1. A:VAL111 - would you say it is more than 11 Å from every other protein chain (Cβ to nearest Cβ) and among the β-branched types (Val, Ile, Thr)?
2. Can you tell me which residue in the stretch B:104-124 is surrounded by the most Cβ atoms within 10 Å (Cβ to Cβ), limited to those that are away from chain A (no Cβ under 12 Å) and among the charged types (D, E, K, R)?
3. Within the stretch A:122-132, which residues are within 11 Å of chain B (Cβ to nearest Cβ) and either surrounded by 17 or more Cβ atoms within 10 Å (Cβ to Cβ) or not in a loop (DSSP other than H, G, I, E, B) (or both)?
4. Can you name the number of the only condition in (1) outside any loop (DSSP other than H, G, I, E, B); (2) among the hydrophobic types (A, V, I, L, M, F, W, C); (3) closer than 16 Å to A:LEU96 by Cβ that B:LEU109 fails?
5. Go through the residues of the stretch A:61-73 one by one and say whether even a single one is part of a helix (DSSP H, G or I), among the polar types (S, T, N, Q), within 11 Å of chain B (Cβ to nearest Cβ) and touching a helix residue (DSSP H, G or I) at 6+ places or on another chain (Cβ under 6 Å).
6. Just the residues that are polar (S, T, N, Q) and part of a loop (DSSP other than H, G, I, E, B), please, taken from the stretch A:1-60.
7. For the stretch B:20-43, how many residues are in contact (Cβ under 8 Å) with a residue 24 or more places away in the chain and either outside any helix (DSSP H, G or I) or buried (at least 21 other Cβ atoms within 10 Å of the Cβ) (or both)?
8. Restricting to the stretch B:42-55, count the residues that are under 16 Å from B:THR82 (Cβ atoms) and out of contact with any His (no Cβ under 8 Å at 6 or more places or on another chain).
Amino acid sequence: MNCPHCAYDNLPGSEQCGHCLADLTQLDRPVAQDRVERSLMEDTVRDLHPTPAITLPPTASVQQALDLMLQHQIGAIPIVDGGDVLVGIITERDLLTNASDPSAESAPLSVGDLMTSNPTTVRASDSLAFALHQMDAGGYRHLPVLENGQLLGIISVRDMLRRIMRACKTRGW
Amino acid sequence: MELARNLKVDSVSRLHPTPPWQVRPDQSVAEAVALMRQHRVGCVLVCPDEDELLGIFTERDLMRRVLAVGLPLSVPVAKCMTRNPVVVHPKDSIGAAVRRMEEGGYRHLPVVDPAGRPLGVLSVKRIVHYLAEHFPSIVYNQPPDPNVVPLEAEGA
């Protein structure tokens with residue numbers, strides 16, 4: 001890795017030139033090779049136009065969550081407390097893993113009982129690459145989007161796929 | 001490394017679809033749900049015998065056709081499955097599979113051989129992983145918190 005200033009041959013990954021002490025961190029930054037990569041690196045979560053979140057308080061019933069999901073054709077609902085602070089998320093998967101026979105008499109559960117607390121979030125200003133990584137690493141299909149700590153909306157794996165496929169803009173498969 | 005080209009060239013079989021977890025049409029929804037939980041998957045295939053695909057039963061079906069209408073989990077899965085699901089073949093391109101997922105809003109596509117025998121299930125998560133793998137340097141080099149950059153080199 002040659003220093004762009006003095007051409008000194010540094011060890012790969014060096015953060016500073018061993019000869020002239022120039023900052024080399026920029027040299028290790030990935031560079032976009034094509035349009036799709038550039039879109040992933042430069043476009044932000046905001047560009048996906050996060051769907052305004054339909055939220056519920058933790059005290060809502062599981063039935064309410066189910067009704068909302070069906071009504072709006074969504075698979076996840078962010079859970080916010082009184083101050084509009086995100087405290088969790090409830091997804092179809094949570095309902096699946098906790099589905100109990102409706103005919104069985106049991107105490108009704110609240111979404112607070114089933115939700116995933118402190119879910120992984122992204123910021124509106126994060127890159128698409130970061131959001132894609134979060135989805136892949138966590139196996140998430142939905143990520144709540146925060147802006148200045150406030151819940152802005154939610155993005156889904158579908159939004160991400162659509163974006164990438166559009167960036168490819170290839171026809172005729 | 002051109003994604004558009006690779007989406008056309010790479011086939012579904014390259015993604016190693018997950019095994020086709022199956023239930024028979026006369027098994028109950030509760031049994032299907034138990035199988036989904038056990039394998040941590042979002043759908044099971046409904047097959048009268050191993051070589052025939054009749055339908056698919058997904059999380060969304062559970063919500064829409066069972067929980068929403070208050071059916072007991074003892075009903076047979078054939079009553080609330082999606083019949084004749086959109087499928088892909090192992091030799092189809094990944095691009096074609098993604099397009100089918102997008103068009104239908106599906107998160108799972110059964111993978112079947114030309115004779116219609118179920119071979120596996122392709123999930124949208126697997127597609128996301130393929131895309132992330134495709135851009136390793138830009139996706140995996142993301143710091144855990146992109147706005148926090150160490151001010152000094154470690155150990156300095």
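1. Here the answer is yes, as A:VAL111 does meet what is asked.
2. B:ARG117
3. Those that are within 11 Å of chain B (Cβ to nearest Cβ) and either surrounded by 17 or more Cβ atoms within 10 Å (Cβ to Cβ) or not in a loop (DSSP other than H, G, I, E, B) (or both): A:VAL122, A:ARG123, A:ASP126, A:SER127, A:LEU128, A:ALA129, A:PHE130, A:ALA131, A:LEU132.
4. Every condition holds for B:LEU109 apart from (3).
5. Scanning the stretch A:61-73 turns up no residue that is part of a helix (DSSP H, G or I), among the polar types (S, T, N, Q), within 11 Å of chain B (Cβ to nearest Cβ) and touching a helix residue (DSSP H, G or I) at 6+ places or on another chain (Cβ under 6 Å).
6. A:ASN10, A:SER14, A:GLN33, A:THR55, A:THR59
7. Within the stretch B:20-43, residues that are in contact (Cβ under 8 Å) with a residue 24 or more places away in the chain and either outside any helix (DSSP H, G or I) or buried (at least 21 other Cβ atoms within 10 Å of the Cβ) (or both) number 15.
8. Going through the stretch B:42-55 one residue at a time, the tally reaches 9.
The values are calculated or read from the model by the stated rules, or taken from the named source; none is laboratory data. Note that the structure is predicted; figures quoted are calculated from it, not measured. All Cβ positions, even for glycine, are placed from backbone atoms using ideal geometry, and neighbour counts span all protein chains on display.
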